[in-house]
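The structure appears below as structure tokens.
The values are calculated or read from the model by the stated rules, or taken from the named source; none is laboratory data. Here the structure is a predicted model, which means the values were calculated and not measured. So basically every Cβ, Gly included, is an ideal-geometry build from the backbone, and we count neighbours across all protein chains shown. What goes into the accessible areas is simple: the full protein's heavy atoms, side chains included, and nothing from ligands, DNA or RNA. Shrake-Rupley method; radii C 1.70, N 1.55, O 1.52, S 1.80 Å.
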Amino acid sequence: MSAPTPETAESSDRARSSLEALRTEIAKAVVGQDPAVTGLVVALLCRGHVLLEGVPGVAKTLLVRALAASLELDTKRVQFTPDLMPSDVTGSLVYDTHTSRFSFQPGPVFTNLLLADEINRTPPKTQSSLLEAMEERQVTVDGTPRPLPEPFLVAATQNPVEYEGTYPLPEAQLDRFLLKLTVPLPSREDEINVLTRHADGFNPRDLDAAGVRPVAGPAELEAARAAVAKTSVSADIAAYVVDICRATRESPSLTLGASPRGATALLSTARAWAWLTGRDYVIPDDVKALALPTLRHRLQLRPEAEMEGVTADSVITAILAHVPVPR
């Protein structure tokens with residue numbers, strides 16, 4: 001791989017500094033949750049999508065809105081409910097009585113950051129309306145494909161503790177998400193900070209008043225993506241990623257391991273993480289850092305293992321401890 005020119009290196013450094021500033025900017029609205037912020041940035045760099053899992057009230061919606069405001073991107077929110085129709089997401093043809101013609105009215109999916117709130121509360125038919133958008137970055141209505149804006153990211157949320165009246169996402173759709181990020185309850189100190197901000201007049205619906213300003217934009221994001229694409233991966237690192245994914249397929253605790261798509265996703269997120277940390281090459285620690293969020297939703301536990309308290313995270317952690325690390 002050829003060495004980067006001074007102009008390319010400078011552009012890469014500027015883009016990295018801009019994206020690093022996101023953390024400070026988002027912290028004006030969201031307390032803590034640094035891993036979720038980093039995960040969303042990694043997904044944007046990899047042109048992937050994110051599944052956010054956490055109980056209600058941990059600022060999942062606010063996090064996505066603050067990210068969009070910090071990146072000067074358009075964002076829309078869809079509350080997924082049992083009666084939501086696919087056309088409510090993608091848009092539909094509407095008859096115009098003045099022109100006697102049908103015209104296409106774009107749905108909320110035509111945005112940069114789509115927040116699909118409680119995606120598992122809507123039936124599979126509506127869930128599947130996102131599949132083409134997530135994979136092909138377009139929507140086909142009445143046989144006509146319509147491209148989505150660039151960048152485009154779906155951040156879907158689901159509640160991990162309430163399953164009544166929900167429709168679990170099928171494996172094929174889960175596999176379309178690059179990362180599954182858990183958004184935990186805040187620590188005691190962070191929760192005190194949240195309450196203090198609210199007591200001082202913080203309004204989560206007014207990000208301008210909170211001082212959240214754009215620190216990067218589509219140009220910086222595109223420069224960052226170009227730099228990530230040039231991050232080198234050795235044959236040993238590629239083999240390490242493959243060995244980890246193959247080990248999930250052989251785990252006695254799982255009925256379904258990571259597919260080759262999971263392996264390519266892990267390599268992609270590791271490259272993005274390597275670039276964010278200031279390197280132009282991937283090391284094993286980059287793979288380890290992104291293994292849990294990249295693979296956890298692609299694994300299916302055996303019922304008996306689940307009853308014994310085994311989790312996807314514990315399986316991945318055990319595999320990382322046993323798979324030989326390249327030197």
* Structure fact -> Apart from one, (1) open to solvent by 50 Å² or more (accessible area, probe 1.4 Å); (2) farther than 25 Å from residue 107 by Cα; (3) in contact (Cβ under 8 Å) with a residue 12 or more places away in the chain; (4) not hydroxyl-bearing (Ser, Thr, Tyr) all hold for residue 216; the odd one out is (1)
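Yes/no matrix, rows are residues, columns are (1) surrounded by fewer than 17 Cβ atoms within 10 Å (Cβ to Cβ); (2) part of a loop (DSSP other than H, G, I, E, B):
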position	(1), (2)
168	yes, yes
172	yes, no
180	no, no
192	yes, no
205	yes, yes
208	yes, yes
222	yes, no
251	no, yes
* Which of the following residues is under 17 Å from the mean Cα position of the chain (by Cα), crowded, with 21+ Cβ neighbours inside 10 Å and of a type in the set (Lys, Arg): 298, 261? -> 298
* To do: Answer with yes or no whether residue 315 is over 20 Å from residue 168 (Cβ atoms) and either among the β-branched types (Val, Ile, Thr) or touching a His at 6+ places or on another chain (Cβ under 8 Å) (or both).
  => no
* Any chance you could count how many residues in segment 122-165 are in a loop (DSSP other than H, G, I, E, B) and modelled with pLDDT of 85 or more? => 8
* Given (1) surrounded by fewer than 12 Cβ atoms within 10 Å (Cβ to Cβ); (2) farther than 19 Å from residue 262 by Cα, where does residue 159 come up short, assuming only one miss? -> (1)
* Asked: Which condition does residue 101 not pass, out of (1) under 22 Å from residue 207 (Cα atoms); (2) open to solvent by 40 Å² or more (accessible area, probe 1.4 Å), if it passes all the others?
  -> (1)
* **The listed residue being open to solvent by 50 Å² or more (accessible area, probe 1.4 Å), within 23 Å of the chain's Cα centre (by Cα) and under 24 Å from residue 49 (Cβ atoms), out of 287, 282, 242** => 242
* Which helices (runs of 4 or more DSSP H) sit wholly inside segment 1-94 and have at least 1 residues that are open to solvent by less than 60 Å² (accessible area, probe 1.4 Å) and modelled with pLDDT of 90 or more? -> 34-45, 60-71, 86-90
